[in-house]
Amino acid sequence: MNAIPKSVNTTHENIREAQFESIFLEHWSRLYGIIFRVVGDQAEAEDIALETFWRLWTHNPPQKNLGGWLYRVAINLGYNALRSRQRRAVYEERSRPDPDSDPETQIESDEQRSHVQQILKGMPTRDSQLLILKHSGLSYKEIAETLGVSVNSVGSLLLRAEQEFIKRYESNS
């Protein structure tokens with residue numbers, strides 16, 4: 001009988017779990033931050049981040065650019081959530097505001113976040129992804145790997161995306 005001993009399977013599974021935990025701990029905060037910027041809701045961002053890591057666990061992503069794969073999956077899931085939100089007649093209730101914050105300031109902040117999200121949704125996908133990734137603290141190299149573009153082109157692509165965003169923001173204000 002050529003069966004693999006149970007102890008070998010258990011060891012392999014333990015190694016896989018340890019690798020997954022390490023990747024999770026390394027990428028969770030940044031991934032959550034990126035998704036939150038896309039969807040603007042804490043609970044939804046957490047759900048999407050967890051879904052992203054579930055896909056990591058169940059799929060066989062490229063090991064060479066694992067961070068880029070994670071960020072790309074997260075952004076795509078975030079955009080899918082926004083599109084779903086538009087199709088629904090009733091929006092899910094937003095997370096509750098901080099009780100210590102000024103209600104007027106909170107309303108203004110929510111309105112501005114909503115306005116920015118609407119502008120980003122109307123922009124070409126790559127442009128909005130560039131802006132979200134840059135404002136989430138990713139380096140040009142990480143942005144290039146995530147979006148599959150040359151590191152040398154990230155600066156000019158970002159500049160054009162920022163100019164387009166400003167033009168749309170000012171025309172809609």
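Of the residues contained in the range 126-134, none is found to be modelled with pLDDT of 90 or more and part of a loop (DSSP other than H, G, I, E, B). Taken over the range 4-61, residues that are hydroxyl-bearing (Ser, Thr, Tyr) and either modelled with pLDDT of 95 or more or surrounded by 11 or more Cβ atoms within 10 Å (Cβ to Cβ) (or both) amount to 4.
Total residues in the range 67-94 satisfying the condition of being open to solvent by 80 Å² or more (accessible area, probe 1.4 Å) and modelled with pLDDT under 90: the figure is 10.
The values are calculated or read from the model by the stated rules, or taken from the named source; none is laboratory data. The structure presented is a predicted model; accordingly, all values stated were derived computationally and were not measured. Please note: Cβ atoms are built from the backbone with ideal geometry, for glycine as well, and neighbour counts cover all protein chains shown. Note: areas computed on protein heavy atoms with side chains; ligands, DNA, RNA excluded. Shrake-Rupley method; radii C 1.70, N 1.55, O 1.52, S 1.80 Å.
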